[in-house]
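What follows is a single structure, written as C-alpha cells, with notes after it.
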Amino acid sequence: IKGLVMAVFHLPSYGVVFKVIKDEFPESKKITRDFVKNRYRLVKTSDRVGRMADTHEYVNFTFPLDRFDPTLLAYLQDTCAGSVVIQGNNLIIKHLYIERRMTPLNLYLNNETDDDKIRHAIDELGLCIKQIALTNIFPGDMLHKNFGITRGGRVIFYDYDEICYLTEREFRTLPKSDDPYAIDTLSVGPTDVFPEQFEHFIVGKKHLKQELKALHGEIMTAEYWQDMQAQSLKGDVPDFIPYNQAKRFVN
C-alpha cells in the first residue's frame, strides 16, 4: 500500500528500505515536511525499546540510475520531484531515511494460514503498542499496515508522521446515551483520542479484532492510556523485557 507521506522503495539485494518524504500530502494529513522530519528526530532520540525501527538519515544519497525500474523512477519524479536529481548516470536523492526491511503486518496476516502464527503476530502487535507506551510514546496512526514483522516474528512500528508523546494527548471515553445522534454533538479537540474506537481500525478482519481484544483488550479503554500517562508524569520507568523471556539468561 503506497504511503500518504512517504515514497518507499527497496533494492532486492539489500535488507533495507529507502523512504523519501513526498512533496505534497493529501488534505487528510495536516502536517508539513519539517514536522515529519521532527517526528523522525523524536524517535531517534527516544528509547525505541526494540519496538520502533531505527532510521538512518542521509542527504545527497547517490544511486546508479540503471538500478531503477522505469515505473519506480517515474513515481519518484512525480511524488518527490523536489528531492530527486538526475546527474549523468546517477540519481541523487537530496534527503532520505533508511530502515530495516520487514514484511508489512497487513500483508503477513493476509497471507498467513497458520492459526498459531497469526495469534502470535496479533499478540506481538498488542505488546508492541504497550511497550512503546511505556516510554511515553503514542504511535498515533495504529493501522496494522504501519507495523512490520521481522523474520523472527517480532512486530515493529515504523510509521512516524503522527507519533507524539503520550502526555500530549487527551484519552477520553465515548459518551453513553440512548440518543443515537449524541455522538454527532460530541465536542472533540485536536488532541482528543477515543481508545474504544481502536478496534475498528487497528486490524480490519473480524476474527483478528476478536483476537486482539482477547489478548490486549485494555488498549481499547481510556483508563489504560490514562494510567500510562500517570506513570509517565510521575517519572516512573517501568521494567520491561523487549524479547522473549524464555530466551533470557538466568542466575
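The values are calculated or read from the model by the stated rules, or taken from the named source; none is laboratory data. These figures come from a predicted structure and were not determined experimentally. Heads up, the Cβs are rebuilt from the backbone with ideal geometry, glycines too, and the neighbour counts pull from every protein chain shown. For accessibility, only protein heavy atoms count, side chains too; no ligands or nucleic acids. Shrake-Rupley method; radii C 1.70, N 1.55, O 1.52, S 1.80 Å.
Relative to the longest principal axis of the Cα atoms of the chain, helix 206-216 runs at roughly 70 degrees.
Accessible area of residue 207 (1.4 Å probe, protein heavy atoms only, ligands and nucleic acids ignored): about 100 Å². Each of the GluC sites (Glu not before Pro) that DSSP puts in a loop and that has at most 16 other Cβ atoms within 10 Å breaks the chain; the longest unbroken stretch is 113-251. Taking all protein chains together, 91, 72, 11 sort by accessible area into 72, 11, 91, largest first [probe 1.4 Å]. For residue 30, the lysines whose Cα comes closer than 19 Å to its Cα, not counting residues fewer than 8 places off in the same chain, are 2, 22. At a probe radius of 1.4 angstrom, the accessible area of the chain per residue rounds to 57 square angstrom.
Placing 155, 17, 59 in order of accessible area, with the largest value first and a 1.4 Å probe, yields 59, 17, 155. By the helix-only formula, in which each DSSP H run with n ≥ 4 contributes -39500 (n - 2.57) and the sum is divided by residues, the chain has a 222 nm mean residue ellipticity of -9000 deg cm²/dmol.
The angle between the Cα long axis of helix 115-133 and the main principal axis of the chain comes to about 90°, on a 0 to 90 degree scale. Share of carbon and sulfur in the accessible area of the chain stands at 50%, probe radius 1.4 Å. For residue 55, no residue 5 or more places off, or on another chain, has a built amide H under 5 Å of its own. Taking the Cα centre of the chain as reference, the dipole from Cβ charges on Lys and Arg (+1) and Asp and Glu (-1) amounts to some 840 debye. When the surface is traced with a 1.4 Å probe over the full set of protein chains, residue 102 keeps roughly 30 Å² accessible. The modelled label-to-label distance for the pair residue 33/residue 57, using points 7 Å beyond Cα in the direction of Cβ, is 1.4 nm.
Put 46, 28 in order of accessible area, highest first, and with a 1.4 Å probe you get 28, 46.
Magnitude of the Cβ-charge dipole of region 53-124, K/R +1 and D/E -1, about the Cα centre, nearest 20 debye? The dipole of region 53-124 has a size of about 420 debye.
The charge dipole of region 107-156, taken about its Cα centre with unit charges on the Cβ of Lys, Arg, Asp and Glu (plus for the first two, minus for the last two), comes to roughly 180 debye. Separation of region 188-219 and region 1-48, taken as the distance between their Cα centroids, equals 24 angstrom. Run the 1.4 Å probe and let me know the accessible area of residue 248, rounded to the nearest 10 Å². Answer for residue 248: close to 110 Å² accessible. Which entry in (1) 48, 46, 35; (2) 65, 55, 40; (3) 45, 38, 31 matches Cα extents along the principal axes in Å derived from the coordinates of this structure? The value computed from this structure is option (2).
Compared with the dominant principal axis of the Cα atoms in the chain, helix 33-44 is inclined by about 70°. Ignoring chymotrypsin sites (Phe, Trp or Tyr not before Pro) that are buried or in helix or strand per DSSP, and keeping those with at most 10 other beta carbon atoms within 10 Å, what is the longest stretch of the chain between them? It runs 15-180. Once you sort the root eigenvalues of the Cα gyration tensor of region 11-63 as a ≥ b ≥ c, which label holds: rounded (a/c under 1.5), prolate (a/b larger than b/c) or oblate (the other case)? The shape class here is oblate.
Distance from the C-alpha centroid of region 57-85 to that of region 88-135: 23 Å, rounded to the whole angstrom.
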